[in-house]
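Notes follow the structure.
The values are calculated or read from the model by the stated rules, or taken from the named source; none is laboratory data. Since we're looking at a predicted model, the values are computed, not measured. Heads up, the Cβs are rebuilt from the backbone with ideal geometry, glycines too, and the neighbour counts pull from every protein chain shown. Ligands, DNA and RNA are stripped out before the accessible areas are found, and what is left, the full protein with its side chains, is counted by its heavy atoms. Shrake-Rupley method; radii C 1.70, N 1.55, O 1.52, S 1.80 Å.
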Amino acid sequence: QQQVKQSPQSLIVQKGGISIINCAYENTAFDYFPWYQQFPGKGPALLIAIRPDVSEKKEGRFTISFNKSAKQFSLHIMDSQPGDSATYFCAASDGYSTLTFGKGTMLLVSP
Amino acid sequence: EAQVTQNPRYLITVTGKKLTVTCSQNMNHEYMSWYRQDPGLGLRQIYYSMNVEVTDKGDVPEGYKVSRKEKRNFPLILESPSPNQTSLYFCASSLVAGDGAVGEKLFFGSGTQLSVL
C-alpha cells in the first residue's frame, strides 16, 4: 500500500519561530508533492506544492524542501503566526492515481 | 463562486438507518472523491470517480456506496450505518487532463460530521 509518513503529529511553536513538518514516502513513482492546510471547521485547501525536478520551492513564508535521494520532503513556515495554527497534511501522487495523504500535523502557534 | 457543496453539515443517526450525504461541484470537474477524517488517521479515501458512470474503491470502501450519474454530483450512501462510521466526511473534486492525469489541485467541501448511535 502506498504510504506517506508524516511527523510530528502535533507541534507547538512560539510566534515568530520556524515550524517544520516532515514527510517521507516510499513509492519512487510519486512526482507531485502538495501540502494542504486545514482550519477548524473547514475542508483542507492547497497551500503549496513541489515536483521533484527542484529541491526547494518558496511562497511567502512557506517553503517546501525536497530530497529526492532520501525520499523526504518538508514544510517550513518562517516567522510563524497565530493565524498559521491549523492542521497540515502532506500528500503525494504519481499523477494518474489519487493523492495519498499523510496523517496530518496539528500546529499551534502561541502568541 | 467556485465551490464544492456538501449537505448536511451535521448528521446524527442511528445504527442501520440508511442515509445519503450529497456533494455537488460547480467547476465542471471530472474527478470527484470522498474522504473520511479521523483523529490520528488523517484523510482516508473512500471512493473516487474519474468521470460520469466511472467509480472506483479507495482505501476504506467497506460499508459505503457512491454513484456518479451526473458530472456535478457525487452522493455518498451508507446503506446500514454503524457506529464505526462516525467520522468527519469530505467531498473533493479536481480536473482530469486529457492524458488522464488527475489535476494538481483538489477542491474540498466544508465537511459533514456524522454521528451514528
Exercise. List, in order, the whole-Hz ³J(HN,Hα) value for each residue of the stretch B:57-67 obtained from phi through the Karplus relation with A = 6.51, B = -1.76, C = 1.60 and θ = phi - 60°; use x for Gly and Pro.
Key: 6, x, 7, 9, x, 4, x, 10, 9, 9, 8
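Return the subset of A:LYS68/A:LYS103; A:LYS71/B:LYS71; A:LYS58/B:LYS57; A:LYS42/A:LYS71 for which the Cα-Cα distance in this structure is over 25 Å, preserving the input order.
A:LYS71/B:LYS71; A:LYS58/B:LYS57; A:LYS42/A:LYS71
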Practice problem: Tally up the carbon and sulfur contribution to the accessible surface of the stretch B:42-117 as a whole percent, 1.4 Å probe, everything protein left in place. | Solution: 50
Quiz item: Any idea how far the Cα center of the stretch A:51-111 sits from the one of the stretch B:3-29, in Å?
Solution: 29
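For the full complex of protein chains and a 1.4 angstrom probe, list A:LEU107, A:LEU11, B:LEU95 by accessible area with the highest value first.
Solvent-accessible surface, decreasing: B:LEU95, A:LEU11, A:LEU107.
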Quiz prompt | Length-normalised contact order for the stretch A:1-87 - Cα pairs under 8 Å, 6+ apart - percent | solution = 32
Quiz item: Roughly how much accessible area, to the nearest 100 Å², goes out of reach of solvent when B and A pair up, both sides summed, probe 1.4 Å?
Solution: 1700
Quiz prompt | Test item: B:28-39 mean partner chain Cβ contacts at 10 Å | solution = 2
Quiz prompt | J(HN,Hα) series, the stretch B:109-117, from Karplus relation 6.51 cos²θ - 1.76 cosθ + 1.60, nearest Hz, glycine and proline x | solution = x, 8, x, 10, 8, 10, 10, 10, 8
Quiz item: With every protein chain present, what is the per residue accessible area of the stretch B:29-117 (1.4 Å probe, Å²)?
Solution: 42
Quiz item: How big is the charge dipole of the protein assembly as shown about its Cα centre, in debye rounded to the nearest 20, if each Lys and Arg gets +1 on its Cβ and each Asp and Glu gets -1 on its Cβ?
Solution: 480
Quiz item: Using the beta-carbon distance between B:SER115 and A:ALA45 and R0 = 35 Å, what value does 1/(1 + (r/R0)^6) give for FRET efficiency, to the nearest 0.05?
Solution: 0.90
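Taking the Cα centre of chain B as origin, work out the dipole magnitude from +1 charges on Lys and Arg Cβ and -1 charges on Asp and Glu Cβ, in debye rounded to 20.
About 380 debye.
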Quiz prompt | Charge dipole magnitude, Cβ of K and R +1, D and E -1 - the stretch A:1-101, Cα centre, debye nearest 20 | solution = 160
Quiz item: With Cβ to Cβ distances under 15 Å as the rule, what net charge do the other residues near B:GLY40 carry (K, R +1; D, E -1)?
Solution: +3
Quiz item: Hey, what's the stretch A:30-111 come to in accessible area per residue, 1.4 Å probe, Å²?
Solution: 43
Exercise. Using amide H atoms built 1.01 Å from N in the peptide plane, name the residues 5+ places from B:ASP59, or on other chains, whose amide H lies under 5 Å from its own.
Key: B:GLN45, B:ILE46
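Once you sort the root eigenvalues of the Cα gyration tensor of the stretch A:1-63 as a ≥ b ≥ c, which label holds: rounded (a/c under 1.5), prolate (a/b larger than b/c) or oblate (the other case)? Write down the numbers at each step before the final one.
On the way: a/c = 1.61, a/b = 1.38, b/c = 1.17.
Since a/c reaches 1.5 and a/b is larger than b/c, the shape of the stretch A:1-63 is classed as prolate.
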Exercise. Please tell me the relative contact order of the stretch A:42-105 in percent, rounded to the nearest whole number, where contacts are Cα pairs under 8 Å and at least six residues apart.
Key: 18
Practice problem: Determine the shape class of the stretch B:6-117: with a ≥ b ≥ c the square roots of the Cα gyration tensor eigenvalues, call it rounded for a/c under 1.5, and otherwise prolate if a/b is greater than b/c, oblate otherwise. | Solution: prolate
Quiz item: Taking a label point 7 Å from the Cα of A:GLU56 along the Cα→Cβ vector, which residues of the stretch A:75-107 have an amide N closer than 14 Å to it?
Solution: A:75-78
Quiz item: Across the stretch A:44-59, in residue order, what do the Karplus-derived ³J(HN,Hα) couplings come to in whole Hz, using 6.51 cos²θ - 1.76 cosθ + 1.60 with θ = phi - 60° and x for Gly and Pro?
Solution: x, 9, 4, 9, 6, 8, 9, 10, x, 7, 10, 9, 7, 9, 10, 9
